[in-house]
Structures are given as C-alpha cells and as structure tokens.
1. Please enumerate the residues belonging to segment 107-120 that are touching a residue at least 12 places away in the same chain (Cβ under 8 Å) and on the phi < 0 side of the Ramachandran plot.
2. Please find, among Ala141, Ala160, the residue that is modelled with pLDDT of 95 or more, of a type outside the set (Val, Ile, Thr), within 18 Å of the chain's Cα centre (by Cα) and within 15 Å of ligand 1 (Cβ to nearest atom).
3. Please tell me if Glu69 is within 26 Å of Ser162 (Cα to Cα), touching a residue at least 40 places away in the same chain (Cβ under 8 Å), surrounded by fewer than 24 Cβ atoms within 10 Å (Cβ to Cβ) and of a type in the set (Asp, Glu).
4. In segment 73-97, what count of residues is obtained for those that are in contact (Cβ under 8 Å) with a residue 40 or more places away in the chain and more than 20 Å from Ala208 (Cα to Cα)?
5. Among the listed residues Ile135, Ile140, Ile156, identify the single one that is in contact with a Cys (Cβ under 7 Å, 6 or more places away or on another chain), farther than 22 Å from Tyr210 by Cβ and either in a strand (DSSP E or B) or among the β-branched types (Val, Ile, Thr) (or both).
6. Would you pick out the residues in segment 72-98 that are surrounded by 18 or more Cβ atoms within 10 Å (Cβ to Cβ), within 16 Å of ligand 1 (Cβ to nearest atom) and not hydrophobic (A, V, I, L, M, F, W, C)?
7. Here is a check on your reading of the model: is Gly149 under 27 Å from Pro24 (Cβ atoms) and away from ligand 2 (no atom under 15 Å from the Cβ)?
8. Can you pull out the strands (runs of 3 or more DSSP E) entirely within segment 174-242 that have at least 2 residues that are over 24 Å from Met164 (Cα atoms)?
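The values are calculated or read from the model by the stated rules, or taken from the named source; none is laboratory data. Just so it is clear, the model here is predicted, and its values are computed rather than measured. Using ideal geometry, Cβ is built from the backbone for each residue, glycine included, and neighbour counts are taken over all protein chains shown.
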Amino acid sequence: MQSVAYDLHLHSCLSPCGDMDMTPNNIVNMAMLNELDVIALTDHNTCKNCPAILEAAAGGPVLVIPGMELCTVEEIHVVCLFASLAAAMEFDAYVASRQPFVANDEAIFGKQAICDGQDNITGVWDNLLVNASEISIMEIAELMQRFDGVAFPAHIDKSAYSVMASLGDIPPECGFACAEVARPEKLPQLEALSEVIPTLKILTDSDAHYLWDIGTRAHFLHVREKTARGVLESLRRGKLAD
Ligand SMILES: [Zn+2]
Ligand SMILES: [Zn+2]
C-alpha cells in the first residue's frame, strides 16, 4: 500500500465556467508544482479534453484519471472516474446521447474549448454542458459497472447541485463508497443528518476552475498501485481502504 496525494475534481477550459488558462498542459504542470500524485479531469458532462490531458501527462510524475462531473436529471453533481480513456470516451458518447441540445451562448456561459495534447484549441463544443442530463442518480451504479468506472456524489455540503440539497440524503441503493465534501468542517453536521454518510470514505477535492485553485498535498488515498485501476479500486473499497 502507498499513500498518494490526490485532487480528483478539476475543470478544464472545456467547462464553460472553467478558465481558458485551464488547458491540459497547464493543469498537469500546476499539479506537478503542487506535488500532487493523482489528479482527475472532470468537466461538466464531458470527457472530451481527457485524451489531451492524458497525452500532456504521459511519461510525467502526475497520474491523470479520465473523468466527468455528471449533472443528473435531479440536478445532482456526481464525479465519475474511469479505468481507461476508452471507457471514459464511451461514457462520454453515452452521456451526449442523453443530454438535450441547448446551444451554448459563449457571451453568457463562456467558451467550451476542446484541446489537443499541445494545448491547441481544436474544436468548440456547442451544446451547453452545464445543463442537467436525462440520467438519474439511481442509474449510476449500473452505469459505472457497465463502463468500468467509479462514482461519488460531489460537494455534498453545498446547497446547490448536491445530493443532500436535492434528495435530503444519499440513497443507499446508489451504492456509493465515497462522497466528496468541499469543506470538511461541515462533516459532523452532515453525518448527523444521514445514516449513509458515516459509512462512506470522505474525499475533499478542489473543484478548481482556475489554475491557482488546484489542490496541494493535503488529502491522501491508500492505493495498492499508482495507476488508474489502483485508484479506482481504492475508491470502490471506500473506508475499507484506509
Ligand atoms: Zn459541481
Ligand atoms: Zn465541479
């Protein structure tokens, strides 16, 4: 077992709310400066900058896990991480097929830029990515099995786009082993409201939309190996991996 410093919730310039400086190479280089071992790229409802960031990180010290921050039909944000780029891109296509088309107005929401491994902008995604998909949180356990992924509810302490705000608790049927809390000091309050939360491994990520918000060596996971599969296995085990 080894301890790895993680930040598993980051947005790139493909998220409309993500800063244009959040390019694949800038994110990887900032993670390196911050001495993180593992990061995940989790843009809203898309994995389309994952090929570029995996290319940017190849051969370097930072492990990048391909992922997505899915917005469910209940308007709950759920971080989904995948064992391989191929699995992430299959999930990406599936989510795109279950997302209603609403043209992105760049003047209001910002640009949704797709990059290559050298940070060149190679395309712009025109369907507004921050809208809710048609996927229910109750489907996620089955989807993660199908696409070889792991999911955890994002920022459960927030009053918007969180499972606690939308449903009042985490449904046990979702089978989550982890949950993300943006401000760990809120945890006792949340645990008092829920029978599920005390059983989960609590993660804290930066949810960075700007380079300077990317996390530092503050939060650790215990993994058997520093690979995407090793991290996913640790997340599936939840509290048992500690
Ligand atoms: Zn979110
Ligand atoms: Zn986010």
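1. Passing the criteria: Phe109, Lys111, Gln112, Ala113, Ile114, Cys115, Asp116, Gly117, Gln118.
2. Details: Ala141 fails: within 15 Å of ligand 1 (Cβ to nearest atom).
The unique qualifying residue is Ala160.
3. Working: within 26 Å of Ser162 (Cα to Cα): yes; touching a residue at least 40 places away in the same chain (Cβ under 8 Å): yes; surrounded by fewer than 24 Cβ atoms within 10 Å (Cβ to Cβ): no; of a type in the set (Asp, Glu): yes.
Judged against the criteria, Glu69 is not a match.
4. 13
5. Just a single option satisfies the conditions, and that option is Ile140.
6. Within segment 72-98, Thr72, His77 qualify.
7. Numbers: under 27 Å from Pro24 (Cβ atoms): yes; away from ligand 2 (no atom under 15 Å from the Cβ): yes.
When the stated conditions are applied, Gly149 passes them.
8. Working: elements: 178-180, 201-203, 220-223.
In segment 174-242, the matching strands (runs of 3 or more DSSP E) lie at 220-223.
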